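The values are calculated or read from the model by the stated rules, or taken from the named source; none is laboratory data. Since the model is a prediction, treat every value here as computed from it, not as a measurement. Positions of Cβ are generated from backbone atoms using ideal geometry, with glycine treated the same way; all protein chains shown enter the neighbour counts.
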Amino acid sequence: MEMTSGQPDSTPPQTDSTLRRAASVLRDAPVHGWVDISAAALSRVRAVGVRTWPLDARFPDEGVNFDADTLRVSDVVVRIAVRSAVAEVAGTEPADISLYTEGHRCTGGLVTVIAAYDTDLQEAGDLVASRAAAALTDVLGLPYSADDIGVVIAEIDAPDQAAPPTSPS
């Protein structure tokens, strides 16, 4: 591998070989304490908390009285579930998911999607809303409907323009 700087070569040949040798020695030299440094970096990364908001949920078994206990699910878990459900809608890709809350109670959400060109936007929006509501119901155990979900089509992906149109010869 030859080092180039984009400038005319004014370096004498022996200096060039000296630089190559120095780069090779530095590249192959062990870095003492690297394991200690990487362990310290990993522990600091692991210590950083992810901010989440606990959302009220209902226990799945309604036959048992859990009035004295509460169940809360992280908003991150809820968003992941909604994103997975919405990602299954053909012709759309979730871009953002917001949850509406009153205290710790989730009251609905807003799903922003990118739609593919030629997608029936009304049908896609209805499917996104119903899938998002079903995901909220599944995760939180509370009844949600498509009316509780707002859908925004933020962008339309245009078809690929890479291939120029062909003309008959």
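Values computed for the structure shown
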{"item": "Which numbered condition residue 70 fails, given (1) surrounded by fewer than 15 Cβ atoms within 10 Å (Cβ to Cβ); (2) β-branched (Val, Ile, Thr); (3) at pLDDT 95 or above", "result": "(3)"}
{"item": "Boolean, residue 104 is under 18 Å from residue 144 (Cβ atoms) and at pLDDT below 95", "result": "yes"}
{"item": "Where a residue in the stretch 147-168 is under 30 Å from residue 107 (Cβ atoms) and of a type in the set (D, E, K, R) and its partner, wherever it lies, is assigned to a strand (DSSP E or B) and modelled with pLDDT of 60 or more, with Cβ under 8 Å and at least six apart", "result": "148/107; 148/108; 148/109; 155/95; 155/114; 155/115"}
{"item": "Which listed residue, of 142, 99, is in contact (Cβ under 8 Å) with a residue 40 or more places away in the chain and touching a Lys or Arg at 6+ places or on another chain (Cβ under 6 Å)", "result": "142"}
{"item": "Candidates 162, 146, 116, 154, filtered to the one that is more than 21 Å from the chain's Cα centre (by Cα), at pLDDT below 95 and of a type in the set (A, V, I, L, M)", "result": "162"}
{"item": "Residues being over 19 Å from the mean Cα position of the chain (by Cα) and either farther than 21 Å from residue 71 by Cβ or at pLDDT below 95 (or both) - total across the stretch 119-136", "result": "11"}
{"item": "Single residue of the stretch 100-132 satisfying the filter (hydroxyl-bearing (Ser, Thr, Tyr) and part of a loop (DSSP other than H, G, I, E, B)) that is surrounded by the most Cβ atoms within 10 Å (Cβ to Cβ)", "result": "119"}
{"item": "Residues (in contact (Cβ under 8 Å) with a residue 12 or more places away in the chain, in a helix (DSSP H, G or I) and more than 18 Å from residue 52 (Cβ to Cβ)) located in the stretch 71-96", "result": "85, 86"}
{"item": "Of residues in the stretch 7-57 being more than 40 Å from the chain's Cα centre (by Cα) and modelled with pLDDT under 65, the one surrounded by the most Cβ atoms within 10 Å (Cβ to Cβ)", "result": "11"}
{"item": "Residue tally, condition touching a strand residue (DSSP E or B) at 6+ places or on another chain (Cβ under 6 Å) and within 14 Å of residue 150 (Cα to Cα), over the stretch 115-132", "result": "6"}
